[in-house]
1. Give the residue that is nearest to residue 109 (Cα to Cα), with candidates limited to residues of the stretch 160-208 that are open to solvent by 20 Å² or more (accessible area, probe 1.4 Å) and of a type in the set (S, T, N, Q).
2. Please go through (1) free of Cβ contacts under 8 Å to residues at least 12 places away in the same chain; (2) of a type in the set (Phe, Trp, Tyr); (3) within 18 Å of residue 430 (Cβ to Cβ) for residue 302 and return the number of the only condition it doesn't satisfy.
3. Quick check: is even one residue across the stretch 231-238 of a type in the set (A, V, I, L, M), farther than 22 Å from residue 328 by Cβ, part of a helix (DSSP H, G or I) and open to solvent by 30 Å² or more (accessible area, probe 1.4 Å)?
4. Select, from 324, 278, the only residue that is touching a residue at least 24 places away in the same chain (Cβ under 8 Å), open to solvent by less than 10 Å² (accessible area, probe 1.4 Å), in a helix (DSSP H, G or I) and under 18 Å from residue 170 (Cα atoms).
5. Please report, ordered by residue number, the helices (runs of 4 or more DSSP H) entirely within the stretch 124-210 with at least 3 residues that are farther than 30 Å from residue 26 by Cβ and aromatic (Phe, Trp, Tyr).
6. Can you say whether residue 347 is under 23 Å from residue 163 (Cα atoms), touching a helix residue (DSSP H, G or I) at 6+ places or on another chain (Cβ under 7 Å), modelled with pLDDT under 95 and hydrophobic (A, V, I, L, M, F, W, C), as far as the supplied structure shows?
7. If you check residue 218 against the conditions, is it of a type in the set (Val, Ile, Thr), under 26 Å from residue 31 (Cβ atoms) and in contact with a Leu (Cβ under 6 Å, 6 or more places away or on another chain)?
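The values are calculated or read from the model by the stated rules, or taken from the named source; none is laboratory data. Keep in mind that what you see is a predicted model, and the values were worked out from it rather than measured. Cβ placement follows ideal geometry from the backbone for every residue including glycine, while neighbour counts extend to all protein chains displayed. Heads up: the accessible areas ignore ligands, DNA and RNA and are worked out on the full protein's heavy atoms, side chains in. Shrake-Rupley method; radii C 1.70, N 1.55, O 1.52, S 1.80 Å.
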Amino acid sequence: MSERATPAALEYDATQELSIKDANKVALGALIGTALEWYDFFLFSAAAALIFNVQYFTSENATAAALASFATFGVGLAARPIGGIIFGRMGDQIGRRRVLMITIVGIGLVTGLIGMLPTYAAIGFAAPVLLVLLRILQGLFVGGEWSGAMTIVVENAPLHLRARYAAIPQIGSPIGTILSSGGFFVMTLLFSQDNFDSWGWRIPFLIALPLLLVAVWIRSRLEESPVFRQLEESGEVSKSPVRTTLRQSWRQIIVGMAAALLGVGGFYLVTAFCVWYGVNVLGYDDSLLLLGSMVAAAVEIFILIWGGMLGARYGASRVILWGGVASAIMAVPSFLLFSSDRPVLIVLAMVLAVSTLSLPYAASGTVLTGLFPAATRYTGVGMAQNAAGMLSGFIPLLATGFVSAAHGHWWPAAAMLTFLSLFTAFAGAIAPRLSVDLPGFKH
């Protein structure tokens, strides 16, 4: 094979004629899909803290019920690596666009079914069992969604602008948070506590079904990645992307997982865990914490855009490195403010913590897609991101247990956030050495 026919050369050739207009179209389509993805996923996160521990897990011990609820939340994330392997393999063999249509439909349907699920009081033990099964299905589909959306956006963007465009699908996360937390927030205002607990909480889950129709229509208009088309035309499509990735890119999987860990796990710590901790330990009103989540998510949108711009200018790995350091510095002050019992400071604490950890999150898509060659990119990104997601799913569970062991004090949670931040910062420092060498692509 000639030097010009190497995978890196093929990718370079495929991206030379890309226009800003086409990149914007694909980025918008991916953003709509990831917004729905995270809306559905974060609904479960908020419900795990506010509803499922009461409606689906019965226990006289509030902490035990919360642990069971957060464990169910974690089970969905544990299923994500399997989904990443299944759909990543498909995406590297039949195309990114086709797989993204499958994953978005699966996520939306499962979320609607959760909204229809009878409670423990209605059907007994079958209720939590079915909830766990639906959560596993949701995790499988989510496992293939983010990696596919990120891959198709990056491969449709000019090389020198990949970091900027890779931040756009990430905005789906705060949009999903605003919509999911906002949905619950509005329900708490419209209904009494009893009505909200009994049936009002279902409405945000059922809204996922009409939103799914919008997402499918937008996704159906996307074009296939030019990089994948080039691989098909040259006969370079991988026949065994999973085996190839595990054999040739296992170091990249580990580094990619570490690079993504703060943006996912830290976010769950500051949102899902802090909502439970604020309501059940500090005695805060749940509407205040949902408001704090929404304000933090709104600010996060601008932080993600800024992080993408910084990544395009200075390199995504540097953004992860210094963003992780900033998050570590702000961990303890954020929890001090959160425990102040003053509404303004509580919201400020959530904003500060989410803002700093969002800088590495903004750059994580660029770093992950840069770690793997085009022929196995969907698979590799899915493995790395979903490994981070699997670990992250149990962070609220661990934080709840550690804080309970510390008699309700917040310091174990702050220590966890500090560790996650420094771990991700280290990944940012070493990622460029393991990345694919593409001319014009600043790692």
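1. Per the stated criteria, the residue is 198.
2. Just one mismatch for residue 302, condition (3).
3. Among the residues of the stretch 231-238, not one is of a type in the set (A, V, I, L, M), farther than 22 Å from residue 328 by Cβ, part of a helix (DSSP H, G or I) and open to solvent by 30 Å² or more (accessible area, probe 1.4 Å), which makes the answer no.
4. 324
5. none
6. Judged against the criteria, residue 347 is not a match.
7. no
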